[in-house]
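I have placed the structure first, in the form of structure tokens, so that the comments after it can refer back to it.
Just so you know, all these numbers are worked out from the coordinates, no wet-lab data involved. Quantities reported herein were computed from a predicted structural model and do not represent experimental measurements. Note that each Cβ is placed from the backbone with ideal geometry, even for glycine, and that neighbours are counted across all protein chains shown.
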Amino acid sequence: MSAVGGARDPLLARRAGRLIEEDVSFRTKMLEIAAGLDDVIAMGRGDPDFHTPAHIVEAAKRAIDANEHHYTHPAGIPQLREAIADTLSREYGLRYDLDEVIVTAGVQESITLCMLALIEPGDEVLITSPRFTTYDQAVHAFGGVPVPVPTFESDDFALMPSEIEARLTERTKVLVLVSPNNPTGAVTPPDVIRQIAELAIRHDLIVISDEIYASLIYEGAEHLSIAAVDGMRERTIVLNGFSKSYAMTGWRVGYMAAPKAFTRMLIDPRHMLSINAATPSQFAALAALTGPQDALVAMRDAYAERRAFLMQAMDGLGLTYGFPGGAFYLYTNTSGTGMLSPAFCETLLREGRVLLFPGSLFGDDSDLYTRMSYLQPLPRIEEAMDRFAGVVERHRGG
Ligand SMILES: Cc1ncc(COP(=O)(O)O)c(C=O)c1O
């Protein structure tokens with residue numbers, strides 16, 4: 001291999017400055033260790049263990065058989081946009097017209113589109129943290145500055161207005177509100193959402209409200225879309241999708257909803273990114289919204305049972321966590337094991353063959369926390385927690 005910038009690495013030498021070298025080595029190292037072990041119980045990724053419900057798969061097959069093989073309108077097929085608008089109205093009290101909805105290749109593409117549309121070099125973007133770090137990458141890509149807004153276990157990881165306020169500057173343009181959040185499962189309560197709305201209006205902030213986990217809310221928590229608060233619709237972009245609620249990660253469908261004057265301007269950039277979300281996938285998404293919802297409810301019930309089990313297991317070990325009101329993650333303070341979270345995760349993997357990810361992969365530098373996703377059948381989670389307890393006890397005793 002030649003040195004960086006050498007004649008034999010012309011691509012590397014001439015790459016754009018916006019490409020930042022990220023330290024992915026820990027994740028890679030964990031996956032490599034896992035690959036060399038048998039019978040690893042993987043509770044690291046945020047990908048449901050359930051298959052996509054059969055009627056959704058059937059709808060995609062029918063679309064393929066009906067020759068739905070072509071480009072669609074860049075914003076998506078009208079039937080799907082209509083169904084999304086209906087769902088937003090029914091579930092969250094949000095009123096959007098069909099032309100205020102843009103279907104994208106997952107929420108991931110909506111995030112890129114939002115930043116492309118809003119960020120100028122030097123603009124600061126406040127992001128609920130610990131966080132889904134795609135936001136950092138997208139902000140960076142357009143020359144913006146990601147500004148993490150920390151959340152704390154003592155607040156059950158809800159986003160606190162005082163933490164937002166403390167980070168406001170002349171350059172602050174956007175607040176990314178993620179509730180329920182990844183990796184904490186935290187749901188920011190409705191009264192706090194109203195305070196954040198008041199603050200956003202007072203400081204003229206744009207809010208990107210990522211609600212991809214909003215249909216996975218458990219007892220003890222309540223979701224309020226900030227776009228439904230008076231005065232917020234005009235300054236909010238709502239993101240939501242199908243990956244998490246309908247176990248459709250691989251289909252790549254998500255969407256954004258925002259006032260018409262803005263969405264009209266996004267049609268061309270949306271076309272530039274990928275023209276449209278894959279056509280058969282859009283028909284699958286349509287079936288997800290318009291078909292029976294029992295599968296969604298059954299998956300949510302299963303997650304609720306697993307979540308209760310995990311909380312009990314952590315309580316039994318004396319490890320604390322923030323109340324996980326939604327999503328499918330438990331964010332546990334594993335410092336009670338006597339190890340910082342990266343060391344704990346590595347030990348747990350090598351000795352217990354359970355794969356979890358430390359908070360550092362979610363922008364949390366404290367090294368106190370570990371994310372567990374409960375996306376394995378309950379008996380496997382029970383087995384994982386037996387192994388977990390064995391490792392913890394051995395090391396605490398040692
Ligand atoms: C908060 C959050 N937003 C967006 C996404 C991306 O989801 P999609 O599969 O719809 O692109 C994820 C995926 O983990 C997520 O956790």
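Some observations on this one:
- Crossing angle, helix 54-65 versus the chain [Cα axis fit, 0-90 degrees, rounded to tens]: 40
- Of the trypsin sites (Lys or Arg not before Pro) in segment 62-135, those whose Cβ has at most 15 other Cβ within 10 Å and which sit in DSSP loop: R95
- In this rough spin-label picture, where each label sits 7 Å from Cα along the Cβ direction, the K61-T249 distance is 2.4 nm.
- Distance from segment 182-232 to segment 103-119 (C-alpha centre basis), Å: 19
- Counting 0.36 nm for each residue step from H69 to H203 and taking away their Cα separation leaves a gain of 43.6 nm.
- Binned Cα-Cα distances of the chain, short to long, each 20 Å bin given as a whole percent: 26, 57, 17, 0
- Peptides 272-278, 138-144 ranked from most to least packed give 138-144, 272-278, packing being the mean of other C-beta atoms within 10 angstrom over each peptide's residues.
- H395-D294 FRET efficiency (beta carbon distance; Förster radius 35 Å; 0.05 resolution): 0.20
- Simple spin-label estimate for E222 and H51 in nanometres, 7 Å along Cα-Cβ: 3.9
- Its residues counted as N, segment 58-290 yields a C-alpha radius of gyration over 2.2 N^0.38 Å of 0.98.
- Tilt relative to the chain, helix 341-352 - C-alpha long axis, 0 to 90 degrees, to 10: 70
- Between L378 and Q137, the contour length at 0.36 nm per residue exceeds the Cα-Cα span by 83.3 nm.
- Top positive-direction residue, dipole computed over the chain with Cβ charges, set M43, H69, T134: H69
- Percent antiparallel among DSSP beta bridges (both partners in the chain, rounded to 5): 45
- Cross-link partners of K61 among lysines (Cα-Cα below 23 Å; sequence separation of 8 or more within a chain): K244
- Between 0 and 90°, nearest 10: helix 190-202 axis offset from the chain longest Cα axis: 50
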